[in-house]
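The values are calculated or read from the model by the stated rules, or taken from the named source; none is laboratory data. Being a predicted model, the structure only gives us computed values, none of them experimental. FYI the Cβ positions are ideal-geometry reconstructions off the backbone, even for glycines, and counts take in every protein chain you see. With ligands, DNA and RNA removed, areas are computed over all heavy atoms of the protein, side chains included. Shrake-Rupley method; radii C 1.70, N 1.55, O 1.52, S 1.80 Å.
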Amino acid sequence: MSQVVRYLTGITTTGTPHLGNYVGAIRPTVQASRLAGTENFYFLADYHALIKCDEPARIQRSTLEIAACWLACGLDWEKVFFYRQSDIPEIPELTWLLTCVTGKGVLNRAHAYKAQVDKNNAAGVDVDTDVTAGLFMYPVLMGADILMFKAHRVPVGRDQIQHIEMARDMAQSFNHLYGEHLVLPEAQVDESVALLPGLDGRKMSKSYDNVIGLFAPREQVRKQIFSIVTDSRAPGEPKEVEGSALFQIYQAFAAPQETEKLRQAYAEGISWAAAKQVLFERIDREIAPMRERYEHLVSHPAELEEILQAGAAKARTRATPLMRELRQAVGLRNLATAAGAAKKDKAKAALPSFKQYREADGLFYFKFVDAQGKLLLQSAGFGSPKEAGQFIAALKQAQALPDGDRALPAEGVSGEQVRAALKALAESGN
Ligand code: TRP
């Protein structure tokens with residue numbers, strides 16, 4: 001039986017999408033969302049936007065533009081889960097439950113927070129300058145986004161990997177305390193996706209002010225493309241494709257034969273103006289048909305609002321029951337059920353369990369502790385949470401095998417420890 005794989009990713013609603021976002025995130029994500037055997041959750045992270053932006057009009061406008069972009073680029077909102085974070089009240093609710101199982105020390109290490117602290121230290125000002133509790137709590141809100149929908153994979157950029165690992169830790173802590181309710185997510189960083197250079201040749205990014213707007217008016221796109229920095233070679237002189245931002249951008253849109261043709265033209269001395277015209281036409285060919293839908297949606301916000309409301313209702317068919325389950329698990333319960341539930345908690349608490357964690361050496365460990373917290377098995381360090389998880393899975397499997405058939409990857413773990421753990425596992429019926 002094949003299992004559905006759930007993908008989830010959020011887009012912070014502070015800007016307007018540019019071609020770099022399109023090539024690096026929107027286009028591959030829309031394509032991936034059509035794969036069979038997957039469920040896809042895409043949402044507008046407007047609560048996250050509040051951490052960075054205190055301009056209400058900008059938040060609203062950006063939400064409108066980003067939602068319109070994704071739909072214009074072909075996201076099938078009836079097939080996927082497409083919603084606005086702030087329409088799902090279960091998300092802030094789960095944020096609090098996770099807050100209560102997340103070590104403050106873990107959050108101290110979050111890159112974005114730490115960067116601000118380091119900056120303050122370097123400037124000789126108070127460490128907390130410009131640090132809101134929102135910035136500090138950013139990873140917990142993000143953890144709730146992910147765990148709320150039991151996502152397996154979270155496609156993100158490199159800079160977000162740490163957040164996904166934190167979400168994983170939160171799920172683990174929660175499950176350890178309250179039973180297996182949450183799914184452990186994994187970051188998915190796609191190395192093959194093109195990193196688009198911007199007008200000045202550095203990575204296209206709003207913070208470098210070198211972007212080409214995705215759905216900017218056609219004439220503006222043309223102007224921007226004509227402002228791409230090139231070298232001073234005259235028409236007729238052969239040109240290098242290596243290090244040419246113009247060529248790299250073209251490559252991200254063109255088919256391999258088209259790219260070959262432009263490479264040839266470079267060698268034959270095409271003028272920069274002519275090359276820019278070729279690039280403009282190629283981009284326009286891909287974007288123009290979508291621009292129409294984009295402009296329609298942006299000028300009919302009520303239509304968009306309806307789509308987002310439908311998306312929220314659909315997303316809540318998952319969030320509401322899970323939140324109900326989690327409230328029950330932690331003890332936020334109808335009092336009339338109290339007596340019976342307490343007995344069940346006790347039965348569960350009497351089982352030994354695995355706990356995975358990361359040490360200061362950067363390696364991943366697990367231990368197996370009995371109900372009283374006595375250590376039954378301490379692993380050596382693993383390179384990734386996945387390897388540690390595989391070892392645990394192997395242990396659980398070995399437990400089900402007759403003695404002679406047990407082959408365990410026993411590196412760093414003594415045979416005696418493994419035997420004790422297997423015995424405890426067998427007794428727990430785990
Ligand atoms: N922090 C992400 C970013 O800045 C946006 C985001 C919010 C997100 N919640 C998420 C991404 C959940 C993936 C999953 O890019």
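Determine which single condition VAL101 fails, assuming it passes every other condition in (1) more than 29 Å from HIS176 (Cβ to Cβ); (2) more than 16 Å from the ligand (Cβ to nearest atom); (3) open to solvent by less than 70 Å² (accessible area, probe 1.4 Å); (4) in contact (Cβ under 8 Å) with a residue 12 or more places away in the chain.
Of everything listed in (1) more than 29 Å from HIS176 (Cβ to Cβ); (2) more than 16 Å from the ligand (Cβ to nearest atom); (3) open to solvent by less than 70 Å² (accessible area, probe 1.4 Å); (4) in contact (Cβ under 8 Å) with a residue 12 or more places away in the chain, VAL101 misses just condition (1).
Can you tell which of SER192, SER173 is of a type in the set (Ser, Thr, Tyr) and not in a loop (DSSP other than H, G, I, E, B)?
Within the list SER192, SER173, the selection yields SER173.
Among the residues of region 105-133, which ones are within 16 Å of the ligand (Cβ to nearest atom) and over 20 Å from ASP169 (Cβ atoms)?
Within region 105-133, ALA115, GLN116, THR132 meet the criteria.
Counting only residues that are without any contact (Cβ under 8 Å) to a residue 60 or more places away in the chain and not charged (D, E, K, R), which one in region 45-54 is nearest to the ligand (Cβ to nearest atom)?
Applying the filter and picking the extreme gives ALA49.
Could you give me the residue pairs with C-beta distances under 6 Å whose first residue belongs to region 140-157 and is in contact (Cβ under 8 Å) with a residue 24 or more places away in the chain and more than 10 Å from the ligand (Cβ to nearest atom), whose second residue is open to solvent by 10 Å² or more (accessible area, probe 1.4 Å) and of a type in the set (Val, Ile, Thr) wherever it lies, and which are 6+ apart or on separate chains?
Partner pairs satisfying both residue conditions: VAL140/THR95; VAL140/THR99; VAL140/THR102; LYS150/VAL183; HIS152/VAL5.
Given (1) farther than 22 Å from GLU191 by Cα; (2) open to solvent by less than 20 Å² (accessible area, probe 1.4 Å); (3) over 15 Å from the mean Cα position of the chain (by Cα), identify the lone condition not met by ASP54.
(2)
Evaluate the following for LEU199: is it away from the ligand (no atom under 15 Å from the Cβ) and over 14 Å from the mean Cα position of the chain (by Cα)?
Values: away from the ligand (no atom under 15 Å from the Cβ): yes; over 14 Å from the mean Cα position of the chain (by Cα): yes.
Yes, satisfied.
Conditions (1) farther than 16 Å from ARG158 by Cα; (2) within 12 Å of the ligand (Cβ to nearest atom); (3) not hydrophobic (A, V, I, L, M, F, W, C), marked per residue:
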| position | (1), (2), (3) |
| --- | --- |
| TYR7 | yes, yes, yes |
| ILE11 | no, yes, no |
| PRO17 | yes, no, yes |
| GLY20 | no, no, yes |
| GLY24 | no, yes, yes |
| ALA32 | yes, no, no |
| THR38 | yes, no, yes |
| PHE43 | yes, yes, no |
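Is it the case that TRP96 is within 21 Å of MET166 (Cβ to Cβ), away from the ligand (no atom under 16 Å from the Cβ) and open to solvent by 60 Å² or more (accessible area, probe 1.4 Å)? Quick ask: steps written out before the conclusion?
On the way: within 21 Å of MET166 (Cβ to Cβ): yes; away from the ligand (no atom under 16 Å from the Cβ): yes; open to solvent by 60 Å² or more (accessible area, probe 1.4 Å): yes.
Criteria met by TRP96.
Is there a residue in region 65-76 that is over 22 Å from VAL298 (Cβ atoms), surrounded by 12 or more Cβ atoms within 10 Å (Cβ to Cβ) and hydrophobic (A, V, I, L, M, F, W, C)?
No, every residue in region 65-76 fails to be over 22 Å from VAL298 (Cβ atoms), surrounded by 12 or more Cβ atoms within 10 Å (Cβ to Cβ) and hydrophobic (A, V, I, L, M, F, W, C).
Of all residues in region 124-183 being out of contact with any Asp or Glu (no Cβ under 7 Å at 6 or more places or on another chain) and basic (Lys, Arg), which is surrounded by the most Cβ atoms within 10 Å (Cβ to Cβ)?
ARG168
Restricting attention to region 129-159, which residues are under 19 Å from THR99 (Cβ atoms), of a type in the set (Gly, Ala, Ser) and in contact with a Leu (Cβ under 8 Å, 6 or more places away or on another chain)?
Once the filter is applied, which keeps residues that are under 19 Å from THR99 (Cβ atoms), of a type in the set (Gly, Ala, Ser) and in contact with a Leu (Cβ under 8 Å, 6 or more places away or on another chain), region 129-159 yields GLY134, GLY143, ALA144.
With respect to the numbered conditions (1) farther than 26 Å from CYS69 by Cβ; (2) open to solvent by 70 Å² or more (accessible area, probe 1.4 Å), which one is the sole condition not fulfilled by ALA265?
It is condition (2) that ALA265 fails.
Listed residues GLU237, GLU292; which is assigned to a loop (DSSP other than H, G, I, E, B), charged (D, E, K, R), open to solvent by 20 Å² or more (accessible area, probe 1.4 Å) and farther than 22 Å from LYS203 by Cα?
From the options GLU237, GLU292, the qualifying one is GLU237.
Which members of region 158-170 meet the condition of being near the ligand (Cβ under 8 Å from one of its atoms) and among the polar types (S, T, N, Q)?
GLN160
So if I check each of GLN277, GLN309, which one is over 31 Å from the mean Cα position of the chain (by Cα), within 29 Å of GLU65 (Cβ to Cβ) and at pLDDT 95 or above? Explain how you work it out, then say what you get.
Working: GLN309 fails: over 31 Å from the mean Cα position of the chain (by Cα).
Testing whether each residue is over 31 Å from the mean Cα position of the chain (by Cα), within 29 Å of GLU65 (Cβ to Cβ) and at pLDDT 95 or above leaves just GLN277.
Any residue in region 105-116 that is among the aliphatic types (A, V, I, L, M), over 30 Å from HIS296 (Cα atoms), over 16 Å from the mean Cα position of the chain (by Cα) and open to solvent by less than 40 Å² (accessible area, probe 1.4 Å)?
Yes, the conditions are met somewhere in region 105-116.
Conditions (1) assigned to a helix (DSSP H, G or I); (2) surrounded by 19 or more Cβ atoms within 10 Å (Cβ to Cβ); (3) free of Cβ contacts under 8 Å to residues at least 60 places away in the same chain, marked per residue:
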site	(1), (2), (3)
GLY201	no, no, yes
SER207	yes, no, yes
ILE225	yes, yes, yes
VAL229	no, no, yes
TYR250	yes, yes, yes
